[in-house]
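The values are calculated or read from the model by the stated rules, or taken from the named source; none is laboratory data. It should be emphasised that the depicted structure is a prediction, and the values quoted were computed from it without experimental measurement. We place every Cβ from the backbone using ideal geometry, glycine too, and count neighbours over all the protein chains shown.
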């Protein structure tokens, strides 16, 4: 399944659809960490800020981190039986 993209006129590459969120450095552990990162965007770059590390902006992508704790999985609620049983 390919991601949705918006078409542009001319020779520009397609852009992601407006409702689709693309994370910077998608392989980084930061996105899966229980300590919620914040994203800081400048005109030319995006930085991922860690609330736990002394060096608040670790070089990306982070592949190992001594403070990494995985986010807890969201519990799945059983679906209601449509038959009413």
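Values computed for the structure shown
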{"item": "Answer from 62, 40 - the residue that is surrounded by 10 or more Cβ atoms within 10 Å (Cβ to Cβ) and either modelled with pLDDT under 90 or touching a helix residue (DSSP H, G or I) at 6+ places or on another chain (Cβ under 7 Å) (or both)", "result": "62"}
{"item": "Condition broken by residue 13, with the remaining ones in (1) at pLDDT 90 or above; (2) not in a strand (DSSP E or B) satisfied", "result": "(1)"}
